[in-house]
Amino acid sequence: MKKIIFSIATLAALTVSCVNESDDYNLDRDLPYSVPAGSLLTNAQKELADQMTTPSVNLNVFRYFSQYWAATQYTTETRYRIKTRNIPDNHWNNLYRDVLGNLETAKLAVNNEVKPSDVSTADWNIQQKNKLAIIEIQELYTYQILVDTFGDIPYTDALNPSIVLPKYDNDATIYPKLITRLNAALANLDDSGISFEQGDYIYNGDVHAWKLFANSLKVKLGINLADVDPALAKTTVETAYADGVIMTDADNAKFNYVVAAPNYNPIYANLVASGRNDFVPASTIVNAMNTLNDPRRAKYFTLFNGIYKGANYGYANAYINFSHISDNIKQPDAAGILFESTEMKFYLAEAAERGYNVGNTGEYYYNEAIRNSFTSWGLSTADADAYLLNPSVAYTTAAGTYKEKIGYQAWIAYFNRGFESWTTWRRLDAPVITAPASALPEAEGVVPKRYTYPVNEQTVNGANWQAASAAMGGDKLKNKVFWDVN
């Protein structure tokens, strides 16, 4: 994080492409290689999608935190042994170094591009501003993940190569800055022109689509702020909604993997290509969906002896004795989702209940979110409408407050989106998820509310780590990020 660093994938690409038979080639070892902005963008997008999609317990345990998956034999992470497993270090490094580092370097590359002779100055200026805005939006999305994972993080000092030991910013001060930067990026997006002609594997350079994504990120930031800064939350959500947000699956922000190694989906890599059987669905989610007779079970799980059977979370489980993760989720070319319309509709349901002007009621968006979830998994709206007739699902009769209703159904819908599920659960305190009796002492009896800081930060950036830890009330799993007030 201390310097802008190319990731291994980028360096490998450079090694392949930089070939010259001249005897004096590469004599100056200090000169940087020239990497196209599009290549840096591609690498950052893939690293981001990989990190948020992978089920590797060395990188991402959010599916465990939401008790979607259980372990077969290696239960350490389901019992919340996080710090000594270097999971925070890997998450931190992948996002700061491989995502933010590549994006920041891509900005430099864009600024060094030379206008082709057949492109007008006006068109070139629009295109370059669009490129920089798109890079900026992805940086802000990544910072949001880091704040929501750790709390206080390096922000002001981050990515500054002249600062070796960056200070940590108060997490509550970062969110307003992200919103300000998002507004500036949106102002710089001009969909009358083009952006990246190659390298953008999320939206293929579609400027209008990036506008929808940026506004959707604004909604997410605003909703997370709702309990701590209601005024800023309301204006942020309302202005974003009015400007256009992701409302259909066609507009989802997703990274499209391919069927061939090494660029297939990391779920396929871990559950199929690895030849390992480390995961099974947890009884927490399976039993909840069984109670509701939820048709999405067939999309999430396989049958075991004619029923859907989940495993005991926090304990070792025999792979052959339970349902398995469905083949729908294990496809090599399944997309890695960064933002989807189902997610947006749950946010709008919450926003409407909070009195924000978002065009319709909480019940309307709740129903639409569930319908969207069904159709995105290949089920019909008729299936969804039948499900919504269940008194335990119907908005007017389902148990609990609006937070509990929305939180419960969002938890079911986000089955393959562990980070979003964990974030929504922390904000809405629904559904009720408890730590297993087998949880390790560092969990202090609760499901983790944050990642602890990387061990490397303790050893290398110790003074700033100590200050941040003290500000968080201690570097503990049970302590909360600023917006998690209940």
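Compute the relative contact order of region 362-465 as a whole-number percentage, counting only Cα pairs closer than 8 Å that sit 6 or more residues apart in sequence.
RCO, region 362-465: 16 percent.
Using a 1.4 angstrom probe on the protein heavy atoms only, line up 239, 284, 75 by accessible area, largest first.
239, 284, 75
Which FRET efficiency value, to the nearest 0.05, do you get for residue 305 and residue 404 by plugging their Cβ-Cβ distance into 1/(1 + (r/R0)^6) with R0 = 41 Å?
FRET efficiency, residue 305 to residue 404: 0.80.
Compute the separation of the alpha-carbon centres of region 271-348 and region 216-257 and state it in Å as a whole number.
Using only Cα atoms to place each centre, the spacing works out to 27 Å.
Considering only protein heavy atoms and a probe of 1.4 Å, how much of the accessible area of the chain is carbon and sulfur, as a whole percent?
So the carbon and sulfur contribution to the accessible surface is 51 percent.
Just list whichever of 129/345; 83/218; 177/234; 309/330 have alpha carbons separated by over 28 Å in the model shown.
129/345; 83/218
Could you provide, to the nearest whole Å², the per residue accessible area of the chain with probe 1.4 Å?
Normalised by residue count, the accessible surface of the chain is 40 Å².
Roughly how many Å is it from the Cα centre of region 406-427 to that of region 167-198, as a whole number?
When both Cα centres are located, 25 Å separates them.
Which FRET efficiency value, to the nearest 0.05, is calculated for residue 446 and residue 190 with the Förster distance at 60 angstrom and r the Cβ-Cβ distance?
0.80
Relative to the compact globular guide of 2.2 N^0.38 Å, what is the alpha carbon radius of gyration of region 268-407, as a ratio?
1.18
Going by amide H atoms built from the backbone, whose H comes under 5 Å of the H on residue 169, apart from near neighbours?
Hits under the 5 Å cutoff: 153, 155, 156.
Scan the chain and note any complete DSSP helix (H) whose C-alpha atoms cover at least 30 Å along its axis and whose Kyte-Doolittle average is -1.0 or more.
Membrane-span-like by this rule: 121-150.
Can you compute the charge dipole magnitude of the chain about its Cα centre, using +1 on each Lys and Arg Cβ and -1 on each Asp and Glu Cβ, nothing else charged? Give it in debye, rounded to the nearest 20.
Dipole about the Cα centre, nearest 20: 1480 debye.
For region 158-170, in order, what is each residue's ³J(HN,Hα) by Karplus, 6.51 cos²θ - 1.76 cosθ + 1.60 with θ = phi - 60°, in whole Hz (x at glycine and Pro)?
Listing the rounded values in order: 5, 6, 9, x, 7, 10, 7, 10, x, 6, 9, 8, 4 Hz.
Between residue 73 and residue 227, what FRET efficiency follows from the Cβ-Cβ distance if R0 is 41 Å, with the result rounded to 0.05?
According to the calculation, E is roughly 0.55.
Taking 0.36 nm per residue of sequence separation and subtracting the Cα-Cα distance, how much length would be gained by fully extending the chain between residue 331 and residue 315, in nm to one decimal?
Value of the extension gain: 3.0 nm.
Under the rule of at least 5 residues apart or a separate chain, name every residue whose amide H is placed under 5 Å from the amide H of residue 317.
72, 73
Hey, if you put +1 on the Cβ of every Lys and Arg and -1 on every Asp and Glu Cβ in region 396-486, which of 464, 400, 479 ends up farthest toward the positive end of that dipole?
400
Once amide H atoms are built 1.01 Å from N in the peptide plane, which residues 5 or more positions from residue 254, or in another chain, come under 5 Å H to H?
338
Would you kindly find the accessible area of residue 121, with a 1.4 Å probe and non-protein molecules such as ligands, DNA and RNA excluded, rounding to the nearest 10 Å²?
Accessible surface of residue 121 is approximately 80 Å².
So, in Å, what gap is there between the alpha-carbon centers of region 384-398 and region 29-87?
The distance from the Cα centre of region 384-398 to that of region 29-87 comes to 36 Å.
Find how much the distance from residue 173 to residue 463 grows on full extension, using 0.36 nm per residue of separation minus their present alpha carbon separation; answer in nm with one decimal.
Net length gain for the segment: 102.4 nm.
With every protein chain in place, what's the accessible area of residue 421 (1.4 Å probe, Å², nearest 10)?
0 Å²
Order the following by accessible area, largest value first: 173, 54. Probe radius 1.4 Å; ligands, DNA and RNA are ignored.
The ranking, largest first, comes out as 173, 54.
If you take all C-alpha pairs in the chain, what percent of them are over 29 Å apart?
50 percent
The values are calculated or read from the model by the stated rules, or taken from the named source; none is laboratory data. Computed from a predicted structure; not experimentally measured. Heads up, the Cβs are rebuilt from the backbone with ideal geometry, glycines too, and the neighbour counts pull from every protein chain shown. Calculation scope for accessible area: heavy atoms of the full protein, side chains included, ligands and nucleic acids excluded. Shrake-Rupley method; radii C 1.70, N 1.55, O 1.52, S 1.80 Å.
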